[in-house]
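Engineer: Pasting a structure here, questions to come.
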Amino acid sequence: MSELDDYLRLLADERKRRLLRSLLDADGDPVALSPDDPHERARLHHIHLPKLADAGLIDWDRRDHLVVRGPAFDEVVPLLEAIADYRENGRR
């Protein structure tokens with residue numbers, strides 16, 4: 001399995017894409033995580049954030065609930081942009 005396959009698998013989930021997109025839009029600033037829904041907060045902390053951190057896409061400060069771009073973040077930027085372009089413009 002390739003790195004591209006791993007990234008596409010991660011980006012298949014809307015919550016992960018939203019989080020990565022918020023990091024892209026934040027221009028390198030940390031993003032605070034504070035979901036109101038306890039179920040969503042648990043899924044984020046026990047499923048989504050660990051997978052993104054393991055892939056090197058984020059660095060996660062569990063104590064302060066902050067996320068920053070990880071060392072591999074730039075590798076998924078073209079994919080995030082292609083997904084956003086597809087959603088905005090549809091097929092070409």
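FYI, it's all coordinate maths here, none of it is from the lab. Computed from a predicted model, the values in this text were never measured in an experiment. Backbone-built Cβ (ideal geometry, glycine too); neighbour counts: all protein chains shown.
Engineer: Run the dipole for the chain about the Cα centre, Lys and Arg Cβ at +1, Asp and Glu Cβ at -1, nothing else charged, and hand back the magnitude in debye, nearest 20.
Structural biologist: Values: 15 positive and 20 negative charges, 69 e Å.
Roughly 320 debye, rounded to the nearest 20.
Engineer: In a shell of Cβ-Cβ distance under 12 Å around residue 79, excluding residue 79 itself, what net charge do Lys and Arg (+1) and Asp and Glu (-1) give?
Structural biologist: Numbers: positive: 9, 16, 17, 21; negative: 3, 5, 6, 74, 75, 81, 85.
With Lys, Arg at +1 and Asp, Glu at -1, the neighbours total -3.
Engineer: Order 74-80, 9-15, 64-70 from most to least packed using the mean count of other Cβ atoms within 10 Å. If you can, show how the numbers build up before the last one.
Structural biologist: Details: 74-80: 15.6, 9-15: 13.4, 64-70: 17.6.
In descending order of packing, they fall as 64-70, 74-80, 9-15.
Engineer: Let me ask you something else. Principal axis lengths of the chain from Cα atoms, whole Å, largest first?
Structural biologist: Over the chain, Cα extents along the principal axes are 43, 27, 25 Å.
Engineer: Can you tell me the 0 to 90 degree angle between the C-alpha axis of helix 14-25 and the longest principal axis of the chain, rounded to 10?
Structural biologist: Around 90 degrees separate the two axes.
Engineer: Given the DSSP H assignment, sum -39500 (n - 2.57) over each helix run of at least 4 residues in the chain and divide by its residue total; what's the result at 222 nm in deg cm²/dmol, nearest 500? Intermediate values should be presented prior to the final figure.
Structural biologist: Values: 5 runs with 50 residues, N = 92.
It lands at -16000 deg cm²/dmol.
Engineer: Moving on to the next point. Given 68, 86, 58, which one lies farthest toward the positive end of the charge dipole of the chain, if we put +1 on the Cβ of every Lys and Arg and -1 on the Cβ of every Asp and Glu?
Structural biologist: Most positive-ward Cα: 86.
Engineer: Let me ask something else about it. Over all alpha-carbon pairs in the stretch 51-92, figure out the percentage whose distance exceeds 17 Å. Each step should come with its number before you reach the end.
Structural biologist: Working: 390 of 861 pairs.
It works out to 45 percent of all Cα pairs.
Engineer: Grab the other residues whose beta carbon is less than 12 angstrom from that of residue 68, score K and R as +1, D and E as -1, and report the net.
Structural biologist: On the way: positive: 69; negative: 27, 29, 59, 61, 64.
Every neighbour counted, the sum reads -4.
Engineer: Continuing with the same structure: Please give me the summed charge of the neighbours of residue 44: other residues whose Cβ is under 10 Å from its Cβ, Lys and Arg +1, Asp and Glu -1. Mind dumping the intermediate values first?
Structural biologist: Numbers: positive: 15, 16, 41, 43; negative: 37, 40.
Summing Lys and Arg as +1 and Asp and Glu as -1 gives +2.
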